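Participant: My questions all concern the structure below.
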Amino acid sequence: MTDEWTAGVVTDAGGDDPPTVEGWRPVSVPGHPAAVADADGPIAYRTTVPDPRDEASERALLEVRGAYGRAEIWVNGTRLGTQNVPFVPARLEFEPRPENELLVVCEPPDSFAGIHATDAVPDRFDTPGIRWGVAVESRPRTFLRAFEARPRLGPVSAGDASEGAASAANVAPDGAGAAIDVTLEVDAGAAVDDAVTLSLRPEGFRGGAAMERVPVRAEAGERTTVSRTLTIREPSLWWPREYGPQDRYTVRAKLEGDTLERTVGLRRVERDGDGLLVNGRRVRARGFTRLPGGDPRADVDRAVDANATLLRARGHVPPRSFYEACDEAGVLVWQDLPACGADLPVERGTELATALAETYGGHPSLAMYGVQDWPADPYAEPLGEGLLAKLAVRYRAWRASADREPADEIAENLPDELPAVSVAGPPGTDPDAAHLFPGWRYLAAADIDWLLETYPSLGEAVGRFGAGSLATDEADPAEVAGLEPSLLAGGADAADSQREQARILKTVAETLRRRECGVLAASTLRDPGPGGGMGVHTVDGDPKRAAEGIAQSYEPIQAVLDGPPTPGTAGITLCNDSHEAVEATVGWRAGEETAATTVDVDPLETTSAGTARIPPDADRVDLEVAVDGRTVRNRYYL
C-alpha cells in the first residue's frame, strides 16, 4: 500500500459525484494528521493504488480499517460503499485499472465520539481520519468473503460428531463440552459445487485436531452462507495470566485456493459484588486504563511488565491486534463503547454494542463491557484536604445526579454471556464502577480509606484512579491533554510532579488491594500526547517514576504498608492474589531498624504481617517477601 496520501477539507459533498475539496495537503495515513486538524466538517483522504491482481487471481478487494466517524469510499470516481461502524472493516470489491485513485471521505460522528471528543486526549484525536489503515489485496474468482468463529462453553449432545482432545489438566469443569459456531460467506465468481475444508487445531498446548468438509453449492455471481458447529468434548480453557494457561484454538477454512483462519479461546466470565469469576473461579483483576494511539502490542507488553492482569480500553475501541496481544499475554480486557458524553441515542448505541460483540466476541481476553464513561464530574473544581474538604466531598456527591436509563437500556442489549458496566463515574453518579481521585482532585491520597468507608460500594470495581505528571520540564502544563495544571506538585517541575504521581498511585492502589477490590484500573498506562498526562509512561513509552512503583504494588503476592510511610509504627499487610495458600517470610528495613516474621495467607486473601518501626531519621522503608524461592520487594520514600 502506498504511503503517499493527501487530504483536504470537503466543500461540496457532490451527491453522485466525488466531493469537491479545498486544496490538497500531504498527510500520513494512518494517524491523526496535523495538516487538517483544525478542519470543521468532512475531510477527504486521497491516494493511488496499483492493480493488486496477479496471474493466480482475478478479483481486487479494498479494506478500510478504523475510519473515525462515518466514511464514504470512492475508487476511480465511483462510490463503492460506506463504513458506519469504525471498528468493523469495510471490505469492498472494485474493478481495478493499472493505477487507481482511492478517495475516503470521513465525517465527524453525530454521537458516540467517545474519548476522542474529550479533553483527556489531544484535540487532533477528534479529527476525522483513517486510524488503522487501508489494504488492497487480490482474490481468486471464488473466495471466502467473511469468516466468523464464535466459541461457547456448554454441554455437548451425544449426536455431535466433531471432536478435539484437550489437556486433562485444563479441561472445562463438570465435564462440560464446548462448541465453535463457524459461519462463512462464499462469494462465487463462478459456479461452485465443492466443499469447504474446516480444520481445528490447538494453540499453546498439546491436543487433538479435527477436520471436516462442508458442501458448498452456488451459481455464478451468488453469495452463499455456510454454517457448521465444531464441538469439543473436553475443551481446554483460556485463563488470565497468573491463573492458568492461555490455551486457544485456531479454526481454518479452505475453499479451492482461498484460506482464512481465526484463533479463539474458551472461557466463561461472570461478575458479582466481589469482582470477576473466570471459568467459575475468583480472580483479581488489576491494571490500567488505556487511551487510543501508539502500538497496541507494546502497550500490552508494558502492562505485563507492570504485573497487570487487566486493561480497560476507555471510551474507544482498539484494533484487533490489541486483542490478539491480550489473548496471548493473558490480559483481561474491559472494553468500553465509545460513549463519554451525556447524549446516548439508544438505537445507535445498541447497533455499536451488537457490532462490538460480533467483532471481538471470539477473543477470550474480552472479559466485560462498559457502556458509558460518565462525563459530568461533581469534582471538576478541585477540593483540598481536611475535615471541610470531606464535608464538601459528601455534599457534592449528594448533589450529583446521573440519568442511567439510556446506558442501562444499551447494556441490556449486549450479549448476556459477559458482564456489563452500564455507568462508570465519580462518587454521586451511582456508578457500577467508580472513578476515584483522592490525592489529585480532592482530599489526600490516604483518605481513600475514608472514602471507601463512607461509600463502601465504590470499592467493588474501580475504573480509574491516579494522578498526572509532566514528562519534561519544558512542557507547558496548560497545553497537556488530560492534565490539571493547578494540581501539579512542584508546579512545572517534572521530577516533583512524577514523584507525587508515584506516591498517590501507590497509596490508592495498595489500599484497594488491602480492601480486596476485585477490579481496579489505574489511569492511565501511557500519556496520550507529548508533555505528560495521567500515564505512568510517556507517549513514547518511556517509564515515568510511577511505572516502577505501580509494578511493585501490583505484584500478585506483595506486602504493603497500611498507610503512607511516616515516622512511628506502621502496619504491614500481605496480599495474596493467587489461587494457592502461601507461607511467606515478610521482612522490613527502615534506617537501621529491621525485622522479619513468617505468616500464612489463604488464596485471594490478605492478612496482617506485623508492624514496622520507622525512625525519624529514615529516608525510606523497604519491604521484602520471600515466597516460593523468590524475593519480592516493595519500597517507600519518606
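Participant: Of the residues LEU237, LEU276, LEU255, LEU260, only one is farther than 30 Å from HIS435 by Cα, touching a residue at least 12 places away in the same chain (Cβ under 8 Å), out of contact with any helix residue (DSSP H, G or I) (no Cβ under 9 Å at 6 or more places or on another chain) and open to solvent by less than 10 Å² (accessible area, probe 1.4 Å); which?
Facilitator: LEU255
Participant: Still on this model: Checking the conditions here, which among GLY207, GLY221 is out of contact with any His (no Cβ under 7 Å at 6 or more places or on another chain) and buried (at least 16 other Cβ atoms within 10 Å of the Cβ)?
Facilitator: The conditions single out GLY207.
Participant: Do you know which residues across the range 457-473 are over 26 Å from the mean Cα position of the chain (by Cα) and either modelled with pLDDT of 95 or more or of a type in the set (Val, Ile, Thr) (or both)?
Facilitator: THR472 - this is the single residue of the range 457-473 that is over 26 Å from the mean Cα position of the chain (by Cα) and either modelled with pLDDT of 95 or more or of a type in the set (Val, Ile, Thr) (or both).
Participant: Can you tell me which residue in the range 65-93 is surrounded by the fewest Cβ atoms within 10 Å (Cβ to Cβ), limited to those that are aromatic (Phe, Trp, Tyr) and farther than 17 Å from ASP16 by Cα?
Facilitator: Taking the candidates together, the pick is PHE87.
Participant: Being modelled with pLDDT under 95 and closer than 17 Å to ARG284 by Cβ: is that true of VAL560 here?
Facilitator: Against the criterion (modelled with pLDDT under 95 and closer than 17 Å to ARG284 by Cβ), VAL560 does not qualify.
Participant: Can you tell me which residue within the range 296-308, out of those that are touching a residue at least 60 places away in the same chain (Cβ under 8 Å) and open to solvent by 30 Å² or more (accessible area, probe 1.4 Å), is nearest to ARG526 (Cα to Cα)?
Facilitator: Here the residue is ARG302.
Participant: Separate question: Looking at GLY532, GLY549, can you tell me which residue is crowded, with 19+ Cβ neighbours inside 10 Å, touching a residue at least 24 places away in the same chain (Cβ under 8 Å) and farther than 20 Å from ALA612 by Cα?
Facilitator: The match here is GLY532.
Participant: Are any of the residues in the range 23-46 hydroxyl-bearing (Ser, Thr, Tyr) and over 19 Å from THR127 (Cα atoms)?
Facilitator: Looking for residues that are hydroxyl-bearing (Ser, Thr, Tyr) and over 19 Å from THR127 (Cα atoms), one finds none in the range 23-46, hence no.
Participant: In the range 314-326, what residues are in contact with a Phe, Trp or Tyr (Cβ under 8 Å, 6 or more places away or on another chain) and open to solvent by 10 Å² or more (accessible area, probe 1.4 Å)?
Facilitator: VAL317, PRO319, ARG320, listed by residue number.
Participant: Still on this model: Consider ALA380 carefully, then state whether it is part of a loop (DSSP other than H, G, I, E, B), among the hydrophobic types (A, V, I, L, M, F, W, C), open to solvent by 10 Å² or more (accessible area, probe 1.4 Å) and free of Cβ contacts under 8 Å to residues at least 60 places away in the same chain.
Facilitator: yes
Participant: Can you say whether LEU311 is assigned to a strand (DSSP E or B) and surrounded by fewer than 18 Cβ atoms within 10 Å (Cβ to Cβ), as far as the supplied structure shows?
Facilitator: For LEU311, the condition - assigned to a strand (DSSP E or B) and surrounded by fewer than 18 Cβ atoms within 10 Å (Cβ to Cβ) - is not met.
Participant: Out of PRO96, PRO86, PRO128, which single residue is modelled with pLDDT of 90 or more, in contact with a Pro (Cβ under 6 Å, 6 or more places away or on another chain) and not in a strand (DSSP E or B)?
Facilitator: Selected residue: PRO128, the only one of PRO96, PRO86, PRO128 that is modelled with pLDDT of 90 or more, in contact with a Pro (Cβ under 6 Å, 6 or more places away or on another chain) and not in a strand (DSSP E or B).
Participant: To continue, here is another question. Condition first: open to solvent by less than 30 Å² (accessible area, probe 1.4 Å), modelled with pLDDT under 90 and farther than 30 Å from ALA218 by Cβ. Now tell me which residues in the range 131-170 satisfy that.
Facilitator: Selection gives GLY154, ALA166, ASN170.
Participant: Further question: Of everything in the range 390-423 that's over 19 Å from the mean Cα position of the chain (by Cα) and among the polar types (S, T, N, Q), which residue is surrounded by the most Cβ atoms within 10 Å (Cβ to Cβ)?
Facilitator: ASN413
Participant: Being open to solvent by 30 Å² or more (accessible area, probe 1.4 Å), among the small types (Gly, Ala, Ser) and either touching a Gly at 6+ places or on another chain (Cβ under 9 Å) or not in a helix (DSSP H, G or I) (or both) is the filter here, so list the residues in the range 9-34 that pass it.
Facilitator: Across the range 9-34, the qualifying residues are ALA13, GLY15, GLY23, SER28.
Participant: While we're on this one: Considering only strands (runs of 3 or more DSSP E) fully contained in the range 214-305, which possess at least 2 residues that are more than 30 Å from ASP540 (Cβ to Cβ)?
Facilitator: Because the criterion is at least 2 residues that are more than 30 Å from ASP540 (Cβ to Cβ), the strands (runs of 3 or more DSSP E) in the range 214-305 that meet it are 223-232, 248-255, 258-264, 269-272, 275-278, 281-283.
The values are calculated or read from the model by the stated rules, or taken from the named source; none is laboratory data. From a predicted model like this one, the values you see are computed outputs, not experimental measurements. Please note: Cβ atoms are built from the backbone with ideal geometry, for glycine as well, and neighbour counts cover all protein chains shown. These area figures cover heavy atoms from the full protein model, side chains too; ligands, DNA and RNA do not enter into them. Shrake-Rupley method; radii C 1.70, N 1.55, O 1.52, S 1.80 Å.
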